[in-house]
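The values are calculated or read from the model by the stated rules, or taken from the named source; none is laboratory data. Note that the structure is predicted; figures quoted are calculated from it, not measured. Every residue, glycine as well, gets a Cβ built from its backbone with ideal geometry; the counts of neighbours run over all protein chains shown.
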Ligand code: GTR
């Protein structure tokens, strides 16, 4: 009898823990969005009205960048670390002669620590070099983006995906080519672009370990073993890694380093936007279904919110960002300001109709509210005021579409990105 009573109590405890651990139900009702006011992208914290290109670049842009570093993505440590490039292999007739394929190691070291990024690069054989390029991180390793059999399977941490038989964070043979549809490599090459990628786990494994692995410890000062509250999380690290790959691409004679588009899907879409904001060498930026912490406005609090993202992914942003859990109105920035940091460079924001978690309307509104900066910088900005119909892409300097379907990076998305890149990078 006593034993039964105990079991009952334990079950009750476990059950109540489960209930309390559940994230609050996300809101999907437009009618329940609290009234909010976006920070004015063209007025400085000190009240200066930003009405010239000069004031934008000298006053407001640096201020906004700093606010994002301090409150959202974290500061990137300012130490110079050693970086070297090693060409691991070159294949001149990859993909039936369509491309030259290089595998390059980027070796980063500081104090006694080293980290290696493996970059996979295809350049089209039929084009005059140097060519413009797309650069994006991948989720499961370089072997997942192509069916070629001689790309080594990553031995670094990967997420667990039942579908690809990954249960212990190690990728196996089943992951070879499992994401080819997301990369459209042949199409990209046939359109005259190079494509470069690297596994995001090479830069920082995507789990919360108090920043003991990946790139962060390379920057720890003597005696430091954890981050300050305003220092970079994983998104900051992935974005920084993209810049190191760009460092390499600038040295590759087959690639035009001044015409590199940075692209990313979902958490890596957030990363692509932050990379484009931090590093003005990126000529064009593409955010695919980036959602909360990407293109979507925080203040709408629809789908994923600040609190939810910080709870599920405590390592993505800096510690200070947690101060804004359920306090979106206190944020000194919102994501239209992230888009504005990319101006006047072309940026493309893509959403998917069924991706309500990422708040497609909030992604659209960021684009719309970044428009004043793009216009101040003498571009055509964002060509519409109302959300375009599904599958009607828009190719102004701020490009945009909402396509039918789910959260994913599809062939349709790539068709628009290629068209957009043709317009601005060729
Ligand atoms: C979700 C997360 C989103 C998005 C997505 C992804 O679980 O809530 O913010 O980043 O993951 O990256 O696939």
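Taking residue 381 as the residue in question, decide whether it is within 22 Å of residue 292 (Cα to Cα), free of Cβ contacts under 8 Å to residues at least 60 places away in the same chain and either more than 16 Å from the chain's Cα centre (by Cα) or outside any loop (DSSP other than H, G, I, E, B) (or both). So that I can check it myself, show each step before the final result.
Numbers: within 22 Å of residue 292 (Cα to Cα): no; free of Cβ contacts under 8 Å to residues at least 60 places away in the same chain: yes; either more than 16 Å from the chain's Cα centre (by Cα) or outside any loop (DSSP other than H, G, I, E, B) (or both): yes.
No.
Find the residue count for region 31-65, including only residues that are assigned to a helix (DSSP H, G or I) and surrounded by fewer than 14 Cβ atoms within 10 Å (Cβ to Cβ). Spell out the reasoning first.
Kept after step one, since they are assigned to a helix (DSSP H, G or I), are these residues of region 31-65: 31-32, 53-65.
In the following step, the residues that additionally are surrounded by fewer than 14 Cβ atoms within 10 Å (Cβ to Cβ) were identified as 31-32, 53-54, 57-58, 62.
Result for region 31-65: 7.
Can you tell me which of (1) over 30 Å from residue 334 (Cα atoms); (2) without any contact (Cβ under 8 Å) to a residue 24 or more places away in the chain; (3) within 22 Å of the chain's Cα centre (by Cα) is the one residue 117 doesn't meet?
(2)
Just checking, how many residues over region 129-140 are under 16 Å from residue 263 (Cα atoms) and either at pLDDT below 95 or away from the ligand (no atom under 16 Å from the Cβ) (or both)?
4
Being part of a helix (DSSP H, G or I) and in contact with a strand residue (DSSP E or B) (Cβ under 6 Å, 6 or more places away or on another chain): is that true of residue 121 here? Can you show your working first?
Working: part of a helix (DSSP H, G or I): no; in contact with a strand residue (DSSP E or B) (Cβ under 6 Å, 6 or more places away or on another chain): yes.
Judged against the criteria, residue 121 is not a match.
If residue 141 passes every condition in (1) on the phi > 0 side of the Ramachandran plot; (2) touching a helix residue (DSSP H, G or I) at 6+ places or on another chain (Cβ under 8 Å); (3) without any contact (Cβ under 8 Å) to a residue 40 or more places away in the chain but one, which one does it miss?
Just one mismatch for residue 141, condition (3).
In region 16-30, which residues are part of a loop (DSSP other than H, G, I, E, B), loosely packed, with under 10 Cβ neighbours inside 10 Å and modelled with pLDDT under 95?
Quick first cut of region 16-30, residues part of a loop (DSSP other than H, G, I, E, B) only: 22-29.
Going one step further and asking which of them are loosely packed, with under 10 Cβ neighbours inside 10 Å, we end up with 22, 25, 29.
Once the filter is applied, which keeps residues that are part of a loop (DSSP other than H, G, I, E, B), loosely packed, with under 10 Cβ neighbours inside 10 Å and modelled with pLDDT under 95, region 16-30 yields 22, 25.
Looking at region 260-274, I want the residues that are modelled with pLDDT of 95 or more and have a partner that is near the ligand (Cβ under 7 Å from one of its atoms) with Cβ atoms under 6 Å, at least 6 apart or on another chain. Which pairs are those?
From region 260-274, the pairs are 270/293.
Can you tell me which residue within region 343-354, out of those that are closer than 21 Å to residue 275 by Cβ and in contact with a strand residue (DSSP E or B) (Cβ under 8 Å, 6 or more places away or on another chain), is surrounded by the fewest Cβ atoms within 10 Å (Cβ to Cβ)?
To start, the set of residues in region 343-354 that are closer than 21 Å to residue 275 by Cβ comprises 343-351.
Narrowing the set further to residues that are in contact with a strand residue (DSSP E or B) (Cβ under 8 Å, 6 or more places away or on another chain) leaves 345-351.
On the way: 345: 19, 346: 23, 347: 33, 348: 27, 349: 30, 350: 29, 351: 29.
Among them, the one singled out is 345.
Restricting to region 207-226, name every residue that is surrounded by 21 or more Cβ atoms within 10 Å (Cβ to Cβ) and farther than 19 Å from residue 248 by Cβ. Full working, then the answer.
First pass over region 207-226, keeping only residues surrounded by 21 or more Cβ atoms within 10 Å (Cβ to Cβ): 211, 214-216, 219.
Matches in region 207-226: 211, 216, 219.
Of the conditions (1) surrounded by fewer than 17 Cβ atoms within 10 Å (Cβ to Cβ); (2) touching a residue at least 40 places away in the same chain (Cβ under 8 Å); (3) in contact with a strand residue (DSSP E or B) (Cβ under 6 Å, 6 or more places away or on another chain), residue 107 satisfies every one except a single condition; which number is it?
With (1) surrounded by fewer than 17 Cβ atoms within 10 Å (Cβ to Cβ); (2) touching a residue at least 40 places away in the same chain (Cβ under 8 Å); (3) in contact with a strand residue (DSSP E or B) (Cβ under 6 Å, 6 or more places away or on another chain) applied to residue 107, the lone miss is (2).
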